Amino acid sequence: MLTTIRNAFMSLLVFTILTGLVYPVAVTAIAQVLFPDQANGSILMKEGKPVGSTLIGQQFDDPKYFWGRISATGPFPYNGDSSSGSNLGSNNPALLKAVKERIAALHAADPGNTLNIPVDLVTASGSGLDPHISPAAAAYQVQRVALARGIETAIVGALVAANTEDRQFGILGEPRVNVLRLNLALDELGQK
């Protein structure tokens with residue numbers, strides 16, 4: 001009986017040390033050496049201060065900035081503690097109503113825009129935290145941003161093109177635009 005208890009306790013102690021201490025320290029050390037930016041949250045700095053992460057979207061409401069995907073997290077947008085999709089099906093009346101409201105808001109913000117509204121501007125991503133939009137979603141907003149900033153649409157369009165990331169390894173995913181990086185580039189343009 002005592003032998004069984006001692007063996008069970010030793011197994012618990014060994015596996016607690018291995019899985020609770022050795023493994024997390026090893027994984028953290030490897031991540032810090034091989035991927036230090038990602039391991040530390042991919043934080044973007046401006047004038048020595050953190051302004052956001054390239055991995056988590058942020059709320060931009062001002063017309064002079066590009067807007068990201070809708071956040072499905074609540075009660076606060078882009079809240080990592082409540083990351084999830086809306087779980088509303090494509091035929092759900094609540095989703096259809098929300099999409100119609102978002103379309104109306106986009107038309108109200110840019111009434112002269114006749115481009116088709118890309119789906120990623122009116123629907124949330126699976127996590128509700130997506131920091132990227134499609135190049136089409138960025139192109140849809142170029143006119144509004146240029147007008148709000150008083151600069152030529154060609155300049156804003158060139159910034160979108162310069163901030164468009166290609167598919168990962170040339171084959172994975174779709175081309176995308178990181179909204180925070182693009183908006184920081186716009187701010188730098190205004191400071192020059």
Item checked: Spread of Cα-to-Cα distances over 10 Å intervals beginning at zero, given as percent, for segment 1-78 -> 15, 23, 22, 18, 12, 7, 2, 0
Next item on the list: Taking a cut-off of 12 Å between Cα atoms, list the aspartates and glutamates near LYS46, but don't count ones fewer than 8 places away on the same chain.
Entry: ASP187, GLU188
Next item on the list: Enumerate the whole-percent occupancy of each 5 Å bin, from 0 to the last occupied one, for all C-alpha pair distances of the chain.
Entry: 1, 7, 11, 15, 16, 14, 10, 6, 5, 4, 3, 3, 2, 1, 1, 0, 0
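Order 25-38, 98-111 from most to least packed using the mean count of other Cβ atoms within 10 Å.
Details: 25-38: 10.4, 98-111: 13.7.
Packing order, densest peptide first, comes out as 98-111, 25-38.
Values in this text are rule-based calculations from the coordinates and carry no lab data. What you see is a predicted model, and the numbers here were worked out from it, not measured in a lab. When we count neighbours, we look across all protein chains shown, and the Cβ atoms used for this are built from the backbone with ideal geometry, even at glycine.
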